[in-house]
Amino acid sequence: MEEYNVYSMIGEEGFERLIAAFYKQIPQDEILGPMYTGRKLADAEQRLRDFLVVRFGGPARYLEQRGHPRLRMRHNPFPIDQTARDRWIQLMHNPFQKAQLPADAEEPLRSFFASTSTFLINRGEQQ
Ligand code: HEM
């Protein structure tokens with residue numbers, strides 16, 4: 001499955017560029033920014049990056065440091081409705097433009113983000 005080759009295609013560096021560009025936009029965002037109040041953005045950035053690294057075939061640092069991801073549980077404190085979910089996806093557009101990853105890497109990442117972000121909706125009509 002091509003998904004498991006993403007790490008070998010883009011390496012640490014590819015994930016780093018993508019996720020750094022994503023997190024740069026967070027503080028100014030009026031929907032997502034407030035959810036990070038009081039958190040160290042650099043640490044949050046590292047958690048998302050390490051999670052993606054292991055999910056897409058790289059080293060298991062995330063699992064060593066954080067254990068099982070339990071993403072729905074860990075997102076429960078944050079009010080994720082359809083609008084917040086759509087904003088998260090929208091904020092990923094620029095980073096993809098900037099990072100210029102090979103299409104074979106970008107496609108499985110985008111598809112994973114789309115489904116995972118929907119799965120994380122925990123407020124609003126869909127509940
Ligand atoms: C749908 C909109 C989303 C919102 C509003 C959101 C928000 C947040 C917030 C506020 C945190 C805490 C930051 C921290 O770690 O200190 C977090 C953590 C995290 N998010 Fe999201 N997130 C969203 C979607 C996603 C998606 C799609 C993924 C995976 C592709 C993801 C993966 C993670 C991971 C791995 C962590 C760290 C979990 C941990 O080890 O504690 N999130 N998210």
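Below are the figures for this structure:
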{"quantity": "Stretch gain in nm, segment Asn5-Gln82, where the contour uses 0.36 nm per residue and the Cα spacing is subtracted", "calculated": "24.7 nm"}
{"quantity": "Calculated [θ] (222 nm, deg cm²/dmol) that DSSP helices of n ≥ 4 give over the chain, each run adding -39,500 (n - 2.57)", "calculated": "-19000 deg cm²/dmol"}
{"quantity": "Inter-site label distance for Gln97 and Met35 at 7 Å from Cα along Cβ, in nm", "calculated": "2.2 nm"}
{"quantity": "Per-selection Rg to Rh, the chain - Cα, Kirkwood hydrodynamic radius", "calculated": "0.94"}
{"quantity": "Cβ-placed point charges (K, R +1; D, E -1), dipole of the chain about Cα centre in debye, nearest 20", "calculated": "500 debye"}
{"quantity": "Mean projected area in nm² (Cα convex hull; one quarter of hull surface) for the range 87-127", "calculated": "3.0 nm²"}
{"quantity": "Computed FRET value (nearest 0.05) for Ile89 with Leu63, which takes r as the C-beta separation and R₀ as 22 Å", "calculated": "0.30"}
{"quantity": "Farthest positive-ward along the range 2-119 dipole, Cα basis, beta-carbon charges - from Phe96, Ile31, Val54", "calculated": "Ile31"}
{"quantity": "Integer Hz, Karplus 6.51/-1.76/1.60 couplings in order for the range 112-117, x for Gly and Pro", "calculated": "5, 5, 4, 6, 5, 5"}
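Read-outs: derived from the displayed coordinates by stated rules, not from any lab. The structure presented is a predicted model; accordingly, all values stated were derived computationally and were not measured. Every residue, glycine as well, gets a Cβ built from its backbone with ideal geometry; the counts of neighbours run over all protein chains shown.
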